[in-house]
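Shown next, in structure tokens, is the structure this report addresses.
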Amino acid sequence: MVMSPNALPADAFWFFSNDHLTLQRGLAVLGAMREGVRNRRPPQTASLLTLIDFFRGFGDGCHHAKEDQFLLPEMKAAGILRPTGSVVDDHHRLRDLMTTLEASIPSLTVSPESRRKFLDASGAYGDALVAHLQYEDSTIVPTATFELGPDRIARVLAGCAAHDRNPEHTGAHTRYVAALDRLAQQCLGAQMSAQPPSSALR
Ligand SMILES: [Fe+2]
Ligand SMILES: [Fe+2]
């Protein structure tokens, strides 16, 4: 993540919204894989596991971790995070759905029950993540940007930068985005506008 030291409050949290666009691309890939499963042309297990690794490594490791550890606590301390629990609860729910989805993969091609679990979990994950990203983009990021104040914004940015400098995380963002690009090429080709998975589409 590159952050300009001169970033104005108006775009201080651009990187959160930018990550959301990457997560939406991940959902488009998940939607294409889900369509394959639905039509009994499931993707290769390795591709499914790479996508799960992306949602865990990028979604949780690179993105939600920074919201949980730096953004949300500062908003809570400032008294401007009204529905404080919902965002953290969303992150937990998304992790649980990904665990359910992963558990269905080994027997996906031989077990109707596993196939059903995969379709249910991937649809629910798509619905939950789309709603979560919309809420953060429409409420959390603008509220933090305009109400948090310069000192707290600076602390959030410093925390996020330190997170990215941690040797455990260095280069992770770039690696996960590159892995997603390869999956998107495989699964979507020219149709980058594929829809995210939705439990309404069964
Ligand atoms: Fe987010
Ligand atoms: Fe989030």
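The values are calculated or read from the model by the stated rules, or taken from the named source; none is laboratory data. These figures come from a predicted structure and were not determined experimentally. Glycine gets a Cβ as well: all are built from the backbone with ideal geometry, and neighbour counts include every protein chain shown.
Got a number for residues in region 92-108 being buried (at least 21 other Cβ atoms within 10 Å of the Cβ) and not aliphatic (A, V, I, L, M)?
1
Take the conditions modelled with pLDDT under 95 and part of a helix (DSSP H, G or I) and apply them to ALA28. Does it pass?
No: the conditions fail for ALA28.
So, of the residues in region 124-145 that are of a type in the set (A, V, I, L, M, F, W, C) and more than 16 Å from PRO73 (Cα to Cα), which turns out to be nearest to ligand 1 (Cβ to nearest atom)?
Only one residue fits best here, namely LEU133.
Give just the number: which of (1) away from ligand 2 (no atom under 13 Å from the Cβ); (2) under 20 Å from the mean Cα position of the chain (by Cα); (3) over 22 Å from CYS160 (Cβ atoms) does PRO73 not satisfy?
The number of the failed condition is (3).
Could you grab the pairs with beta carbons closer than 6 Å, sequence gap of 6+ or different chains, first residue in region 51-67 and closer than 23 Å to GLN186 by Cβ and more than 11 Å from ligand 1 (Cβ to nearest atom), second one in a helix (DSSP H, G or I) and among the charged types (D, E, K, R)?
If the second residue must be in a helix (DSSP H, G or I) and among the charged types (D, E, K, R), the pairs left are ILE52/GLU102.
Which numbered condition trips up ARG41, out of (1) closer than 22 Å to ALA179 by Cα; (2) away from ligand 2 (no atom under 16 Å from the Cβ); (3) under 16 Å from the mean Cα position of the chain (by Cα); (4) surrounded by fewer than 22 Cβ atoms within 10 Å (Cβ to Cβ)?
ARG41 satisfies all of (1) closer than 22 Å to ALA179 by Cα; (2) away from ligand 2 (no atom under 16 Å from the Cβ); (3) under 16 Å from the mean Cα position of the chain (by Cα); (4) surrounded by fewer than 22 Cβ atoms within 10 Å (Cβ to Cβ) except (3).
Filter region 109-147 down to the residues that are away from ligand 2 (no atom under 16 Å from the Cβ), touching a residue at least 60 places away in the same chain (Cβ under 8 Å) and either surrounded by 18 or more Cβ atoms within 10 Å (Cβ to Cβ) or part of a helix (DSSP H, G or I) (or both) and list them by number.
The answer is ARG115, PHE118, LEU119, ASP120, SER122, GLY123, ALA124, PHE146, GLU147.
Kindly indicate the residue of region 148-163 that is among the small types (Gly, Ala, Ser) and without any contact (Cβ under 8 Å) to a residue 12 or more places away in the chain and also farthest from ARG41 (Cα to Cα) among those meeting that condition.
Per the criteria, the residue is ALA154.
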